[in-house]
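Where a number appears in this text, it was derived from the coordinates with a stated rule and is not lab data. Not measured: the values here are computed from a predicted model. FYI the Cβ positions are ideal-geometry reconstructions off the backbone, even for glycines, and counts take in every protein chain you see.
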Amino acid sequence: MVLTVLEFLGLVAFAASGALAAVRARLDVFGVIVLGLTTALGGGILRDVLLGIHPPTSLRNWPYLAVCAATALIVFAFHPQVARLRRAVLVADALGLGVFATAGTTLALNAGATVYAACLIGMTSGIGGGAVRDLLLREIPLVLRKEIYAVAALTGSVCVGVGHALRLPAGPVTVVAAAVVVTIRMLSLWRHWNAPVARPADEGPS
Amino acid sequence: MVLTVLEFLGLVAFAASGALAAVRARLDVFGVIVLGLTTALGGGILRDVLLGIHPPTSLRNWPYLAVCAATALIVFAFHPQVARLRRAVLVADALGLGVFATAGTTLALNAGATVYAACLIGMTSGIGGGAVRDLLLREIPLVLRKEIYAVAALTGSVCVGVGHALRLPAGPVTVVAAAVVVTIRMLSLWRHWNAPVARPADEGPS
Amino acid sequence: MVLTVLEFLGLVAFAASGALAAVRARLDVFGVIVLGLTTALGGGILRDVLLGIHPPTSLRNWPYLAVCAATALIVFAFHPQVARLRRAVLVADALGLGVFATAGTTLALNAGATVYAACLIGMTSGIGGGAVRDLLLREIPLVLRKEIYAVAALTGSVCVGVGHALRLPAGPVTVVAAAVVVTIRMLSLWRHWNAPVARPADEGPS
């Protein structure tokens with residue numbers, strides 16, 4: 001129950017981030033809906049393909065699609081207001097990442113994956129949707145760029161894996177792990193934490 | 001039988017569109033063949049992965065590959081003539097979209113998917129090849145851009161789903177549904193139908 | 001045993017090529033690791049998804065990830081030296097392509113695929129990682145560009161398939177086939193072999 005509420009919060013968050021990116025790229029209303037759906041459902045479909053769940057959960061249950069399409073439409077209709085809420089959107093995106101990475105790990109454990117595989121598949125599930133969004137808009141995915149993104153998702157997955165190994169109850173562990181991911185992402189955005197970049201290679205006599 | 005003929009028409013159409021796009025991007029003959037194959041086979045492979053059909057049908061039966069490679073080679077050899085037939089290519093591309101979206105839905109129903117999942121997987125199958133083509137050439141996929149594309153595919157999928165629910169014979173229903181998709185696409189190209197674009201956000205004192 | 005040694009050589013080679021490409025694109029240390037992992041593991045994950053192996057082998061066995069991450073970190077730390085070794089990197093990339101295309105074919109045969117499907121899946125496995133790397137960095141994939149790439153991979157796959165049909169032992173056949181791929185790639189780089197490009201279409205009175 002707790003997991004379901006969190007999962008739909010994550011869907012709404014990712015759908016909003018995809019739809020906003022589509023509005024900024026001046027796509028039409030169908031493009032906004034398609035990108036909202038792809039961003040929100042992409043990570044979960046990837047997770048189900050890696051786990052061998054056929055067809056993917058989100059293609060078998062209509063509320064997934066309905067919630068994402070409604071979110072994208074609301075963003076399309078009211079985007080100037082939403083754009084001013086850029087901070088809220090970043091919070092929502094962080095929430096989506098946290099929920100998907102941790103709930104994906106729990107789902108993979110329930111599907112019989114080992115703790116190691118479950119952590120990797122959960123992290124992939126959290127990262128996947130945003131990567132597809134950026135690829136479709138021809139941007140280098142956020143996960144490859146400056147901010148701490150993959151590390152935050154992996155931390156959440158590992159928290160769930162540790163909780164599973166200690167036989168703690170899955171629901172509360174997932175909530176706490178998602179909160180950890182959101183906190184790392186927000187701190188990284190707020191403090192402009194970045195990882196080191198390789199120093200330029202010596203390529204001339206300069 | 002009707003389905004097989006339609007499916008190979010769709011393969012030829014998508015292979016031609018991928019090969020032409022590759023010629024325009026000045027790729028060599030192998031690039032033209034690879035992009036023709038990817039465009040024509042991509043949607044069906046995605047469909048089979050989502051349905052859990054391993055290995056995908058088109059990687060088990062050589063006529064799929066042979067027809068697509070031959071089409072790409074013919075396009076490479078005779079492309080100036082084909083380029084003048086731009087209108088014919090757009091018709092063929094619309095035919096490919098229609099056939100793949102509707103035949104994909106029928107295939108998914110035959111594989112045991114629910115009507116809801118089958119419509120989504122069929123639509124994905126129709127859209128997938130062209131999206132891969134555009135991604136590989138670093139273009140924003142057609143499905144996200146101005147023309148009515150995903151809606152046409154979805155309409156065809158839903159026609160097949162309704163026919164299935166009414167227990168109509170699958171072959172004729174697929175032909176009619178494919179014709180509906182092609183008609184929508186051609187009308188949208190001919191009349192320059194476009195969906196509304198979000199109005200620009202107020203971002204300054206202008 | 002021979003296969004395992006070759007496979008890890010291939011992982012190191014592809015991880016290095018992805019990490020170097022990430023350093024060139026000025027990604028941070030996490031981006032370098034993520035791109036190294038994606039390049040090295042992408043082809044194998046694609047192969048396992050097409051074969052229906054869930055979860056993919058590389059997500060179940062930690063040495064895969066550890067070797068790739070260590071390679072990427074070493075590239076990040078010592079990249080100026082590595083950049084000067086551009087020739088060595090191209091050799092390694094060719095080795096990776098050869099090993100993955102041929103070992104992927106052998107793996108697919110062992111998983112019960114027909115010779116035809118195994119050759120295609122093996123070739124895809126060899127090409128896949130580099131294609132994902134180029135897509136994430138917004139470059140047109142190498143496999144679509146000037147050099148003989150897909151043909152080299154396919155030649156190696158077909159060698160393995162012929163060896164399987166003649167009931168030759170899989171280990172030595174894979175080594176020989178991988179050597180064939182590497183030789184073709186190195187000759188093509190050394191002699192600047194390229195495939196013909198389509199002549200420009202007549203588009204004006206010039």
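Laid out as a table, the results:
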item: J(HN,Hα) series, the stretch B:158-166, from Karplus relation 6.51 cos²θ - 1.76 cosθ + 1.60, nearest Hz, glycine and proline x; result: 5, 4, 5, x, 5, x, 5, 5, 8
item: Highest-MSF residue in chain C out of C:His164, C:His54, C:His79 [GNM, Cα springs under 10 Å]; result: C:His54
item: The protein assembly as shown - convex hull of the alpha-carbon atoms, volume per residue in Å³; result: 184
item: Choice from C:Val180, C:Val91, C:Val162 showing the highest fluctuation, given a GNM over chain C with Cα pairs closer than 10 Å; result: C:Val162
item: Cubic angstrom per residue, convex hull over Cα atoms of the stretch C:121-171; result: 68
item: Size of electric dipole in the stretch C:2-190: Cβ of Lys, Arg +1 and of Asp, Glu -1, about Cα centre, debye, nearest 20; result: 320
item: From the C-alpha gyration tensor of the stretch A:2-190, square roots of 5λ in Å; result: 26, 18, 14
item: Selected from C:Phe30, C:Phe76, C:Phe14 as most flexible by GNM, with chain C as the system and alpha-carbon contacts under 10 Å; result: C:Phe30
item: Residue-by-residue Karplus 3J(HN,Hα) for the stretch C:66-73, coefficients 6.51, -1.76, 1.60, Hz, glycine and proline x; result: 5, 5, 5, 5, 4, 4, 5, 5
item: Phi to ³J(HN,Hα) by Karplus 6.51 cos²θ - 1.76 cosθ + 1.60 over the stretch B:126-132, Hz, x for Gly, Pro; result: x, 7, x, x, x, 5, 5
item: For chain A: relative contact order, % (alpha-carbon pairs under 8 angstrom, 6 or more apart); result: 23
